[in-house]
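Structure first, then comments.
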Amino acid sequence: MRRTLSLLILALLAAPCLFGQTETPPADDMPFGLIMGIILLSVALACMTAGVIIAVVALSITAAMAAAGIISTALVVGLYKKSVTAGFKTLIMLVSAIGGSITGITGVYFANKIFNLNLTRITVAWAGIAGGLIGGILLSLIIITIIRVILARIAR
């Protein structure tokens, strides 16, 4: 038993020397690794740049809404009614109405240019504001309903 154990230990110690592989020269894949590194670095920089741009746009929109009084108006409504939901609904309605008005004016302007409607600037502005305001308020009601349904399903 002792002799078998000694031979086993000797074989285990000698195995790496007897059966080990000889060193092979490294493959010449340096250009491939360099190219892949440059591609990875480029993708990482593009993602970081996109993140910075998204953050700057989000902060700019928030600053513009604060400057226009949208956030403070929604906050005052929420405090007056003592309801976070009322303030949030007011915020959604205000943002949708203003966004709809801007989109409406842009849409009527391009429709006027494309179809040669010969509308005056004031007509384009009022038609765009009216249509966009109606569309924005309808959109905000749809968004509020969707949020209410989602929250009801989550609460179950």
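The values are calculated or read from the model by the stated rules, or taken from the named source; none is laboratory data. Remember, it's a predicted structure, so these values are computed and weren't measured experimentally. Don't worry about glycine lacking a Cβ; one is built from the backbone with ideal geometry, like all the others, and counts go over all protein chains shown.
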Got a sec? Which of Ile35, Ile70 is of a type in the set (A, V, I, L, M, F, W, C), farther than 24 Å from Ile129 by Cβ and at pLDDT below 90? Ile35
Within segment 62-80, track down each residue that is more than 16 Å from Met93 (Cα to Cα) and not aromatic (Phe, Trp, Tyr). Ala63, Ala64, Ala67, Leu79
